[in-house]
Each structure stands twice: as C-alpha cells, then as structure tokens.
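Bear in mind that the values in this text are calculations on the coordinates, not laboratory data. Nothing here was measured: the structure is a model prediction, and the numbers come from that model. Positions of Cβ are backbone-derived with ideal geometry, glycine not excepted, and every protein chain shown enters the neighbour counts.
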C-alpha cells in the first residue's frame, strides 16, 4: 500500500472483519458494486452452521491476495461484503447473506472471459474453504 500524500510504500494494514462497519451503514451514494447483465454469480450454502466465521476468513484472504498480487488495487471491505481483484482487470465481490445462510460470489465478465474467470473464482473459493475446514475437528 502507498501513502497518497508522499507516495511511500506502507506496511500492510490489518483489520478485524467483525469490527468493520456493515455496508448498510456506509455511504450509499457510492455503491460498492454496480450489477451488470454480464456478471456471473454463484452461491455457497450452509445448512448446519452459520457462515459468518468462514466469510470473515474469506474477506481476510481476499484482501491479502488483492494487496499482495496487485499493490495498487483498492479493496473495499465491510463486515458483510467486500470488493476485490483477481487480476488488475478482474473485480469480484464477496457478500454474506445471513438470513439464508449463504455466501454470494459475484464477478464481472465484462472482459468477455466469463468461463475462465468462473474456473479461477471457483478454484480460489474451494481452496479457501479447504484451508478453513482442515482446522476444524469433528467429534
């Protein structure tokens, strides 16, 4: 990350997802994501537990990946939604939908490369999920 005043490189910032504001409480005059007809969405459903802890891990991982791979990217993170980048021209959104116990992943296909993007997003979310569940012991 870079300081906008003097252009010097900064150390990565850390955040606690559960302490972030929700998107509803943020300034609605600047929407986080403008839906387009070419956008692709997929959903991860959870029946036996609330997805919030996993979602917060996903937010942290997505933020780190966006900042590490694309230093000048500007992730936008709230406790219930975040906008990130897989590549400089490939944004995606992670959104927690608590009342239906699911996570929505939306990515832009305006670049015309929807199928490849879907494979990349699917592989990333699956890898994050596997990393998360390997630390859980089932009794």
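Working ranking of peptides 17-23, 77-83 by packing, defined as the average number of other Cβ atoms within 10 Å per residue, highest first, is 77-83, 17-23. A crude spin-label estimate for the pair residue 100 and residue 49, with each label 7 Å from Cα along the Cβ direction, gives 2.3 nm.
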